[in-house]
1. Counting only residues that are among the acidic types (D, E) and part of a loop (DSSP other than H, G, I, E, B), which one in the range 1-57 is modelled with the lowest pLDDT?
2. For the range 94-135, which residues satisfy the criterion of being acidic (D, E), surrounded by fewer than 24 Cβ atoms within 10 Å (Cβ to Cβ) and closer than 15 Å to G180 by Cα?
3. Please specify each residue of the range 148-168 satisfying the condition of being touching a helix residue (DSSP H, G or I) at 6+ places or on another chain (Cβ under 8 Å) and buried (at least 19 other Cβ atoms within 10 Å of the Cβ).
4. So is L168 within 16 Å of N62 (Cβ to Cβ) and either in a helix (DSSP H, G or I) or not assigned by TED's automatic domain parsing to the domain that holds Q65 (or both) or not?
5. Can you name the residue in the range 316-338 that is touching a strand residue (DSSP E or B) at 6+ places or on another chain (Cβ under 8 Å) and in contact (Cβ under 8 Å) with a residue 40 or more places away in the chain and, of all such residues, is farthest from A52 (Cα to Cα)?
6. Being charged (D, E, K, R) and at pLDDT 95 or above narrows it down to one residue among E280, E290; which is it?
7. Out of all the residues in the range 231-240, which are hydrophobic (A, V, I, L, M, F, W, C) and in a helix (DSSP H, G or I)?
8. Does the range 171-186 hold any residues that are surrounded by 18 or more Cβ atoms within 10 Å (Cβ to Cβ) and either not assigned by TED's automatic domain parsing to the domain that holds A272 or not in a helix (DSSP H, G or I) (or both), and which are they?
Amino acid sequence: MMLAIKNARLPSADGIFNIHIEDGFVKRISRSDITADYTIDAKGGLVTESFAVAHLHLDKVNTLQLLDDKTVTAYRDDPRDAIKMASKVKKYYNEDDIVKRVKPFLDQSIKFGVTHIRAFLDVDTMAKLTAVKAMKKLKGEYEGRIELQLVAFPQEGLLDDPQLVDYLYSAVENGADVVGGIPWLESTVEMQRKHITTVFEIAKRYNKDVAMLVDDAPDPSLRTLEMLAEETIKNRWKGRVQACHARASALYPSDALEKTLKICKEAMIGIAGNPHTGGEVHAPLKVFSEYGITVALGQDDCQDAYYPYGRCKMTEVAFLASHILRMMTHQEMMKLLQWITINPASMMGVGYHALKQGAAADLLLFREKSWYEVLIHQSDPMLVLHNGDTLYESLQA
């Protein structure tokens, strides 16, 4: 079926456009009239790419009630303590419970315009493969509505117990799409490097992308982002590696930051930042972006031990980032839009995720006429398309 969205505005162009969609792809964007089987009148509303979330701990959503405020406070002050305290929620893990918590969350995410999520799932001696197996079921159930990439994530570290590495291998063999890591958590520099090399061994064996949480503490001595970039180049895995958080880089002296920026760019590493979580110190995302490194905003956590808020509403995440990062010019607001659409999709290997001819019709329609107005109101889309199919609509009469 041919679909036309008429009288639409685009984020980066003036005037009114018509968008022709056929076989799940954007066939044409023009100012001229379009004939189609079905027509939607945008009435001057804004059309953007759908939202992609490159970093979200999906197995932990809505578990805050199992803990107390001490964990949230600890994550601001000493993330290592917070991780230990938060691990107790995993003793309650079972597949049915995870599915029950996550399904309404995914339904809500679709309503908010999210069509792609890279989901970090704990894999260790306590969680075992419970989260991976539960999310594998949901991945199949939600196929065609929201695309889930499953990250096997060793939240507690990797080298203290030989079983941890075995679980990571097993997670990939049981359906994980991406190999995760958290090298900064290891107790020595040598162990941090070994953590990273072990993850690459698994990724190369199964031909998987890599996504790691690096330097997630206000400690300027941490250098696992740099180590990750070095291993990316060494293993010829350029463009297939994502780094999350990297908060310590905000405290680097200028020469150390310059060195890190240079090697990250060479390695083609993407940086997924979460300035709304984790306290006052956050990665200098504007600096990374200005250096030519791909930057995205992640949701990170939703109503769990690390962050009491969150609902996978990326207009809200962008709104918060606008304040925290002081990105309030028109040009900066447009960059924020790219950080929750095109850039995270690129990190996830989604492909041609753009509001252009030939791209998949993963689109959102807002009542507002500009991205600036959407940010002001943190609006929900009134139409969500994925591969040209309508996932959600609340169009005006």
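The values are calculated or read from the model by the stated rules, or taken from the named source; none is laboratory data. Here the structure is a predicted model, which means the values were calculated and not measured. Don't worry about glycine lacking a Cβ; one is built from the backbone with ideal geometry, like all the others, and counts go over all protein chains shown.
1. In the first step, residues of the range 1-57 are kept if they are among the acidic types (D, E); the result is 14, 22-23, 33, 37, 41, 49.
Imposing the further condition that a residue be part of a loop (DSSP other than H, G, I, E, B) reduces the set to 23, 33, 37.
Working: D23: 95, D33: 87, D37: 92.
For the range 1-57, the residue satisfying everything is D33.
2. Our first condition is that a residue be acidic (D, E); within the range 94-135, this holds for 95-97, 107, 122, 124.
Cutting the leftovers down to surrounded by fewer than 24 Cβ atoms within 10 Å (Cβ to Cβ) gives us 95-97, 107, 124.
Within the range 94-135, just D124 meets the criteria.
3. Of the range 148-168, the ones touching a helix residue (DSSP H, G or I) at 6+ places or on another chain (Cβ under 8 Å) are 148, 150, 152, 154-159, 165, 168.
Correct list: L148, L150, A152, P154, Q155, E156, G157, L158, L159, L168.
4. Working: within 16 Å of N62 (Cβ to Cβ): no; either in a helix (DSSP H, G or I) or not assigned by TED's automatic domain parsing to the domain that holds Q65 (or both): yes.
No.
5. Applying the first criterion (touching a strand residue (DSSP E or B) at 6+ places or on another chain (Cβ under 8 Å)) to the range 316-338 yields 317-318, 321, 336-337.
Okay, now just the ones that are also in contact (Cβ under 8 Å) with a residue 40 or more places away in the chain, so 317-318, 321, 337.
On the way: V317: 12, A318: 12, A321: 16, L337: 11 Å.
The extreme case among them is A321.
6. Details: E280 fails: at pLDDT 95 or above.
That would be E290, the only listed residue that is charged (D, E, K, R) and at pLDDT 95 or above.
7. Here is the first cut: in the range 231-240, the ones hydrophobic (A, V, I, L, M, F, W, C) are 233, 237.
Hit for the range 231-240 is I233, nothing else.
8. Keep residues of the range 171-186 that are surrounded by 18 or more Cβ atoms within 10 Å (Cβ to Cβ), which gives 171-172, 176-186.
Correct list: A176, D177, V178, V179, G180, G181, I182, E186.
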